[in-house]
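Everything below concerns the one structure shown next.
Bear in mind that the values in this text are calculations on the coordinates, not laboratory data. For clarity, every value in this text was computed on a predicted model and none was experimentally measured. Here the Cβ positions follow ideal geometry from the backbone for every residue, glycine too, while neighbour counts run over all protein chains shown.
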Protein chains: 2
Amino acid sequence: MTTPTLRTPGLRDRKRAETRARIEDAAVSLVLRDGLEQTTVHAISELADVSPRTFFNYFDSKDGAILGIRNTAMVEEQVAEFLAQPPHRDAIEAVVALLLAIFDAPGGRLTIRKDRMELLQRHPELMASQFEQLTLTHGQIAETVAVILKRYGVSQSADAEDLTSIAGITLAMCGTAVRLAMSTLAQDHTHADTEQIQIRSVALVRATTGSIA
Amino acid sequence: MTTPTLRTPGLRDRKRAETRARIEDAAVSLVLRDGLEQTTVHAISELADVSPRTFFNYFDSKDGAILGIRNTAMVEEQVAEFLAQPPHRDAIEAVVALLLAIFDAPGGRLTIRKDRMELLQRHPELMASQFEQLTLTHGQIAETVAVILKRYGVSQSADAEDLTSIAGITLAMCGTAVRLAMSTLAQDHTHADTEQIQIRSVALVRATTGSIA
DNA sequence: ATCAATAATTGCACACAGTGCATTTTTGCA
DNA sequence: TGCAAAAATGCACTGTGTGCAATTATTGAT
């Protein structure tokens with residue numbers, strides 16, 4: 001009988017995850033210290049103790065490492081996990097919760113998440129990359145949003161195409177709300193835990209729909 | 001008395017605008033023909049009959065030329081022009097109109113606009129650049145949206161910070177709606193003039209707010 | 001412990017984007 | 001025509017990102 005290799009990820013995968021985290025940490029701390037342009041892939045690799053070539057085996061781009069961009073498979077996993085969770089009060093809360101689940105670093109390392117908020121404020125150019133991640137995995141996420149909308153019984157009359165569009169717009173709205181909520185809550189140097197972000201995001205979305213309706 | 005050099009743009013500026021347009025056209029047609037990755041700045045410059053170095057005197061990036069990204073001053077101009085226009089029915093229509101005014105190519109060249117819609121569908125990565133343009137000029141645009149929201153009397157109770165957030169979310173919502181409207185209307189190979197896009201965008205926003213409210 | 005298969009790491013060469021700087025050409029105007 | 005400003009260009013350089021082949025580490029089985 002072998003050791004339970006199926007339960008634990010195995011040495012190989014553990015090392016891989018560790019290396020990945022080391023690169024992310026190096027990237028974040030260097031950009032935080034020296035700025036975005038000043039930080040090179042070479043420097044990140046050196047600090048993370050890997051070769052520059054290995055860096056690109058783990059991430060598609062410099063920004064990818066800085067933001068800890070996850071690939072399609074990882075998002076898929078998190079979406080599935082989310083859908084298994086207990087239901088929320090309404091569609092808005094559910095979509096916001098979904099986004100927070102996706103953006104949150106696995107393992108829930110609070111420090112790096114807070115640092116990344118800081119980075120996004122100091123270097124707004126990074127938001128384009130974050131947005132790109134969203135467009136790449138947009139299919140999955142928007143689809144999930146559509147499922148959520150259906151689940152909460154909104155827009156029964158809409159046809160399929162409209163539902164897709166509505167899901168996309170809802171996603172954009174909630175995504176922006178989350179980003180803004182993170183931004184303002186990061187400025188106040190309160191703890192800014194996930195729950196607070198959630199509450200503020202939902203409030204912002206409601207305020208918006210209430211205002212322009 | 002000199003010739004009215006203040007009224008007409010003058011030969012120099014006319015030539016500059018023409019060169020700019022030539023580069024944009026070259027970029028769009030090459031990407032349309034060969035794809036995004038296959039099209040190099042070198043090739044674009046050659047077709048536009050300028051040196052690669054000159055290319056970067058006109059645009060900050062390859063994507064900039066492909067999308068015809070305008071700089072802050074140009075956006076400022078278009079925003080001012082928009083604000084002088086007659087009022088719209090409500091805030092949503094006004095914001096959508098603002099976005100269309102900004103995205104529309106000056107001179108209203110229908111062909112290149114249609115081509116760009118095609119490009120955005122074929123190469124979704126480009127949306128990140130479009131988004132980046134939006135974040136760079138985001139200050140101005142979001143501010144204008146805030147003005148619009150005030151003008152149409154929404155959210156009287158909101159404090160300044162909330163108004164900014166609400167404006168940002170409204171902008172994201174309308175921007176996505178416009179993008180989706182362009183996308184679907186480009187698929188149907190109808191004419192897809194600006195008015196149709198306007199109508200469809202507004203309808204999508206209303207459907208969304210109505211659904212999740 | 002040993003060994004073969006497999007996966008990860010690395011080095012190297014390369015293509016391309018983008019920038020700074022000095023030089024040449026073009027344009028506007030007197 | 002001739003002069004000053006603006007535009008175009010050539011050149012050298014940094015940095016990102018990729019393909020490929022060689023090297024090293026990990027795994028599972030004997």
Treat every Asp and Glu Cβ in chain A as -1 and every Lys and Arg Cβ as +1, leave all other atoms uncharged, and give the resulting dipole magnitude about the Cα centre to the nearest 20 debye. 500
Would you list B:201, B:29 from fewest to most Cβ contacts within 10 Å? B:29, B:201
Viscosity 1.002 mPa s, 20 °C: Kirkwood-radius Stokes-Einstein D of chain B over Cα pairs, µm²/s: 115
What does the net charge come to around residue A:18 if you take all other residues with beta carbon closer than 12 Å to its beta carbon, with K and R at +1 and D and E at -1? +2
Check every DSSP H run in chain B and write down those whose alpha carbon atoms cover 15 angstrom or more along the long axis and whose mean Kyte-Doolittle hydropathy is 0.0 or greater. B:72-83, B:91-103, B:126-136, B:138-151, B:160-187, B:194-212
Tally Lys/Arg at +1 and Asp/Glu at -1 over every other residue whose Cβ is under 15 Å from the Cβ of residue A:213; what's the total? +1
Using the Cα centre of the protein assembly as shown as origin and beta-carbon charges of +1 (Lys, Arg) and -1 (Asp, Glu), tell me which of A:146, B:149, A:41 is placed farthest towards the positive end of the dipole. A:41
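Using a/c under 1.5 as the rounded threshold, could you call the protein assembly as shown rounded, prolate or oblate? The axes a ≥ b ≥ c are square roots of the C-alpha gyration tensor eigenvalues, and prolate needs a/b larger than b/c, oblate otherwise.
Numbers: a/c = 1.74, a/b = 1.24, b/c = 1.40.
Oblate.
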Excluding residue A:40 itself, what net charge comes from residues whose Cβ is under 15 Å from its Cβ, given Lys and Arg +1 and Asp and Glu -1? -1
If exposed means trypsin sites (Lys or Arg not before Pro) lying in a DSSP loop and surrounded by at most 11 other beta carbons within 10 Å, then the longest stretch of chain B lacking such sites spans residues B:90-213
The size of the Cβ-based charge dipole (Lys, Arg +1; Asp, Glu -1) of the protein assembly as shown about the Cα centre, to the nearest 20 debye, is 200
